[in-house]
Amino acid sequence: MTACIYHTIYRVCCNCGRDMGRHEKRECVAPNVPTLFSTEGERTARITALLEARALIVRVARDTTLPSIGDVLTEFDRVFPETRR
């Protein structure tokens, strides 16, 4: 297995999405993505839908002055690591 890669903004592993400390070293587990896909097309459709949902959150964040919307984006990226680029 490979080692977890620390994401400085989200303070999680870039691959698996688990919380981690800046200097923590550990083996990475597979991304926490449901294995409900029977085809690659279903997986792509899920990622596309998640990216559209994230874009909607970003649009709302731009239109409002709510400081907590950044927390929503951070949590979204932590829960759905497959949408991070």
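The values are calculated or read from the model by the stated rules, or taken from the named source; none is laboratory data. Keep in mind it's a predicted model, so treat the numbers as computed, not measured. Here the Cβ is made from the backbone with ideal geometry for all residues, glycine too, and neighbour counts use every protein chain on show.
Among the residues of the stretch 49-76, what is the count of those that are among the small types (Gly, Ala, Ser), over 21 Å from Cys14 (Cα atoms) and in a helix (DSSP H, G or I)?
Qualifying residue count, the stretch 49-76: 1.
Results for (1) modelled with pLDDT under 85; (2) in a helix (DSSP H, G or I), shown as yes or no for each residue.
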{"site": "Cys16", "(1), (2)": "yes, no"}
{"site": "Arg22", "(1), (2)": "no, no"}
{"site": "Gly41", "(1), (2)": "yes, yes"}
{"site": "Ile47", "(1), (2)": "yes, yes"}
{"site": "Arg78", "(1), (2)": "yes, yes"}
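Of all residues in the stretch 3-32, which are among the polar types (S, T, N, Q) and in contact (Cβ under 8 Å) with a residue 40 or more places away in the chain? Quick ask: steps written out before the conclusion?
To start, the set of residues in the stretch 3-32 that are among the polar types (S, T, N, Q) comprises 8, 15, 32.
Asn15, Asn32 - these are the residues of the stretch 3-32 that are among the polar types (S, T, N, Q) and in contact (Cβ under 8 Å) with a residue 40 or more places away in the chain.
Of the residues Ile57, Ile9, only one is within 16 Å of Thr74 (Cα to Cα), assigned by TED's automatic domain parsing to the domain that holds Thr83 and either at pLDDT 75 or above or surrounded by 13 or more Cβ atoms within 10 Å (Cβ to Cβ) (or both); which?
After applying the criteria, what remains is Ile57.
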